[in-house]
Amino acid sequence: MVVYPEFRGRGAPQHDSAARIEEAKGLALAIGLVVVDAMAIPIREARAGTLFGEGQIQNIDIACNQGEAELVIVDGSLTAIQQRNLEDKLKRKVIDRTGLILEIFGERAATAEGRLQVELAHLDYQAGRLVRSWTHLERQRGGFGFLGGPGETQIEADRRMIRDRMGRLRRELEQVRRTRGLHRSRREKAPWPVIALVGYTNAGKSTLFNRLTGAEVMAEDLLFATLDPTMRRIRLPGVDKAILSDTVGFISDLPTQLVAAFRATLEEVTAADVIVHVRDIANPDTTAQKRQVMEVLEELGLIEEEGGTPSVPMVEAWNKWDLLDAERAADLREQLALHREDVIVPVSALTGEGCEALLEAVSKLLTAGARLHSFVLPQGDGQRIAWLHAHGEVIGEEDAGEDERGPLRRIEVRLDPRELGRFTRL
């Protein structure tokens, strides 16, 4: 049973309630749950003890009985007291949005880093909920979870043990960050431009990633299908080699514990030369989703606070264009004409429509500051000559006489400032 508390009144966050309910159902589906019913409940003033009013709780109880629901998912944030009281009144297990997202992350994290991050976030979340009956950490089956494990037992909370475990996890994560930083330093020396795919969860990032790279990253119609960053080499027009990175999807009301825990994962975005913001343009809540993504990018320091302009070149890929009807597509094309200052490319990751145009747009951003340079190099310096061919646009090449080093070669090549700096360091 999914319940969406729809807050009304001044200052309340504005979401399309139907789209938000569908998203909550998608979250439940992502963890293998069967949703028997879903409803939005308007709230003008939250009750401190239960969030909902007595009459609303009775309506939830009736709907649960009719659908024989065993679990109630509240698509919002619950305090520990609210969660316990709702369980007492409904006689069913109750979890909130944060708990559900943590459960999904716990099941999907594939790498050692991902599992460390999820466990840290889960412990942080549980530390404030020791008023509830709690299974001792050493006896938990599956590591963490509300839906699995041996069930509720007598309270055995040991705050010191939780703090010690969180301390160990943070130290291990710091080591992971250092290792990731070393890998990033090697890539910077490589030196290939990095393109990061970002976007709301289930916007089609992994499908687009697979389309552009020929990889086989998990790409399903599920929220949070991708949790661990994946990188592949691609070729762009005028750019022989670049690295494309697929990242974890953003979501509204992302638990604060996860924002902090997954910062190491999102650091890949901060090292990008170009960001491709993949939007599910067929989703009715696409504007709110874009706003959420931009807020996360601002937290990462990639959006300037004044004016909201990106500090890294950005392309918007309006994905799932193939799902639009003719009228909606025409409306969006009119919007495109009004946003000529932004780089926006309509694409369909599923059919491949617009992908070539997207690669061209990314290539233009990567080479926007390129200027023509002339280098005279010894013909025997094959490493640097090959580097210029691989990382620049060679306009011309000719013999340039000889000196004490032997025969010389003049190369006219177009390089952007970043590549020029890398070449001079060779």
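The values are calculated or read from the model by the stated rules, or taken from the named source; none is laboratory data. Since this is a predicted model, take the numbers as computed values, not measurements. Using ideal geometry, Cβ is built from the backbone for each residue, glycine included, and neighbour counts are taken over all protein chains shown.
Brief remarks on what is shown
- The range 30-53, residues that are part of a loop (DSSP other than H, G, I, E, B), among the β-branched types (Val, Ile, Thr) and within 30 Å of the chain's Cα centre (by Cα): ILE31, VAL34, VAL35, VAL36
- Each residue in the range 380-395 was checked for being within 42 Å of the chain's Cα centre (by Cα) and surrounded by fewer than 16 Cβ atoms within 10 Å (Cβ to Cβ), and 8 pass.
- Note on the range 72-89: residues that are surrounded by fewer than 19 Cβ atoms within 10 Å (Cβ to Cβ) and in contact with a strand residue (DSSP E or B) (Cβ under 7 Å, 6 or more places away or on another chain) amount to 2.
- Selection from the range 273-282 of residues that are in a loop (DSSP other than H, G, I, E, B) and either more than 14 Å from PRO313 (Cα to Cα) or at pLDDT 90 or above (or both): ILE281, ALA282
Rundown of residues vs (1) under 14 Å from ILE41 (Cβ atoms); (2) of a type outside the set (Ser, Thr, Tyr), yes/no style:
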residue	(1), (2)
GLN56	yes, yes
ASN59	yes, yes
ALA63	yes, yes
GLN66	no, yes
LEU71	no, yes
ARG84	no, yes
ASP88	no, yes
THR98	no, no
PHE105	no, yes
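- Of all residue pairs spaced 6 or more apart or on separate chains, those with beta-carbon atoms under 7 Å, a first member in the range 360-379 that is small (Gly, Ala, Ser) and a second member that is surrounded by fewer than 16 Cβ atoms within 10 Å (Cβ to Cβ) and part of a helix (DSSP H, G or I) are GLY369/PRO417.
- Out of ALA225, ALA190, sole residue that is at pLDDT below 85, within 23 Å of GLY354 (Cβ to Cβ) and of a type in the set (Gly, Ala, Ser): ALA225
- Positions within the range 396-407 being surrounded by 13 or more Cβ atoms within 10 Å (Cβ to Cβ) and of a type in the set (Asp, Glu), in sequence order: GLU397
- Residue match in the range 37-50 (condition: hydroxyl-bearing (Ser, Thr, Tyr), surrounded by 14 or more Cβ atoms within 10 Å (Cβ to Cβ) and more than 27 Å from GLU119 (Cα to Cα)): yes
- Subset of the range 335-362 [modelled with pLDDT of 90 or more and part of a helix (DSSP H, G or I)]: CYS355, GLU356, ALA357, LEU358, LEU359, GLU360, ALA361, VAL362
Listed here are the residues, each with its yes/no results for (1) at pLDDT 85 or above; (2) closer than 18 Å to ARG211 by Cβ; (3) buried (at least 18 other Cβ atoms within 10 Å of the Cβ).
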| site | (1), (2), (3) |
| --- | --- |
| PRO284 | yes, no, no |
| GLY301 | no, no, no |
| GLU304 | no, no, no |
| TRP321 | yes, yes, yes |
